[in-house]
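In what follows, a structure is listed as structure tokens, so that the remarks can point back to it.
The values are calculated or read from the model by the stated rules, or taken from the named source; none is laboratory data. Since the structure is predicted, the reported quantities are computational estimates derived from the model, not experimental observations. Ideal geometry is used to build each Cβ from the backbone, glycine not excepted, and the neighbour counts take in all protein chains shown.
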Amino acid sequence: MQTRIYLRAFELDDYKTTIAWRNDKEVSDKLGGMRLYVSEAREKKWIEDTIFHSSDIKLAICLIQNNLHIGNVYLTDINNVNRTAESHILIGNKDYWGQGYACEALLQMLHYGFEERGLNRIYAHINIDNEASLRMHEKCGYKQEGVLRQAVFKNGTFKDVVVMSILSKEFLK
Ligand SMILES: CC(C)(COP(=O)(O)OP(=O)(O)OC[C@H]1O[C@@H](n2cnc3c(N)ncnc32)[C@H](O)[C@@H]1OP(=O)(O)O)[C@@H](O)C(=O)NCCC(=O)NCCS
């Protein structure tokens, strides 16, 4: 399939796009973190901190066709001894859900993580009721490792969290 997206570093103005995703309950309900009410000023600071002070790899997912920023993909908790990192992804612009963009972006990030950063294991934590994410990670080659019981508190209930991972040798095969 022809490549439709590219990854790029954040720019200072990206907060103007990401603030809407941050405050979208449908998006935040699917993520592991706490739902927060985020001001524009706080989102701006988050983008600035990411650009200037973070050792995580946090990138914007953009359409080649028109440069539209539709989501973000990250590698965090990078451990240079064990060569591991945690991956995170969101397609914040919901008009682009279900069209294969997340898979395409994650595969580009995995390529960067394994081939350019020398990582060996990349893992993800996925809420057990997030069917789209579970399927998408499986499609990208992640395998289920286990389940963290009641690891996330969301909407008044404790949810199990599935741990999935992919190894360098599996990706390169
Ligand atoms: C999860 C998310 C990243 C998926 O992005 P996407 O671009 O829609 O995913 P893709 O189109 O690449 O889908 C990949 C696979 O998942 C399947 N899928 C997508 N949405 C689905 C849904 N709601 N239920 C079941 N499967 C679904 C697709 O059909 C596809 O599988 P297929 O090719 O076998 O049909 C996106 O929905 C999102 O950003 N959600 C909010 C944030 C989030 O959940 N992030 C992940 C946290 S772990």
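Does any residue of the range 144-157 turn out to be under 19 Å from LEU75 (Cβ atoms) and small (Gly, Ala, Ser)?
Among the residues of the range 144-157, not one is under 19 Å from LEU75 (Cβ atoms) and small (Gly, Ala, Ser), which makes the answer no.
Quick check on my filter: what residues within the range 1-40 are exposed (fewer than 12 other Cβ atoms within 10 Å of the Cβ) and within 16 Å of the chain's Cα centre (by Cα)?
The answer is ALA9, GLU26, GLY33, MET34.
Report the residue count in the range 53-96 for those that are surrounded by 14 or more Cβ atoms within 10 Å (Cβ to Cβ) and either within 11 Å of the ligand (Cβ to nearest atom) or under 11 Å from the mean Cα position of the chain (by Cα) (or both).
Matching residues across the range 53-96 total 20.
If I ask for residues that are closer than 26 Å to PHE158 by Cα and outside any helix (DSSP H, G or I), which ones from the range 13-67 would you list?
Correct list: ASN23, ASP24, ASP29, LYS30, LEU31, GLY32, GLY33, MET34, ARG35, LEU36, TYR37, VAL38.
Filter the range 97-128 down to the residues that are within 20 Å of VAL161 (Cβ to Cβ) and either crowded, with 21+ Cβ neighbours inside 10 Å or at pLDDT below 95 (or both) and list them by number.
Of everything in the range 97-128, those that are within 20 Å of VAL161 (Cβ to Cβ) and either crowded, with 21+ Cβ neighbours inside 10 Å or at pLDDT below 95 (or both) turn out to be ALA102, LEU106, ILE122, ALA124, ILE126.
Tally the residues that are under 17 Å from TRP21 (Cβ atoms) and among the charged types (D, E, K, R), restricting the search to the range 84-131.
2
Within the range 97-104, identify whether any single residue is more than 15 Å from the ligand (Cβ to nearest atom) and over 16 Å from the mean Cα position of the chain (by Cα), and answer yes or no.
no
Report yes if some residue within the range 145-152 is within 12 Å of the ligand (Cβ to nearest atom), in contact with a Gly (Cβ under 9 Å, 6 or more places away or on another chain) and either at pLDDT below 95 or not aromatic (Phe, Trp, Tyr) (or both); otherwise report no.
Scanning the range 145-152 turns up at least one residue that is within 12 Å of the ligand (Cβ to nearest atom), in contact with a Gly (Cβ under 9 Å, 6 or more places away or on another chain) and either at pLDDT below 95 or not aromatic (Phe, Trp, Tyr) (or both).
Can you go through GLU138, GLU131 and tell me which one is free of Cβ contacts under 8 Å to residues at least 24 places away in the same chain, acidic (Asp, Glu) and within 12 Å of the ligand (Cβ to nearest atom)?
None of the other options fit; the residue is GLU131.
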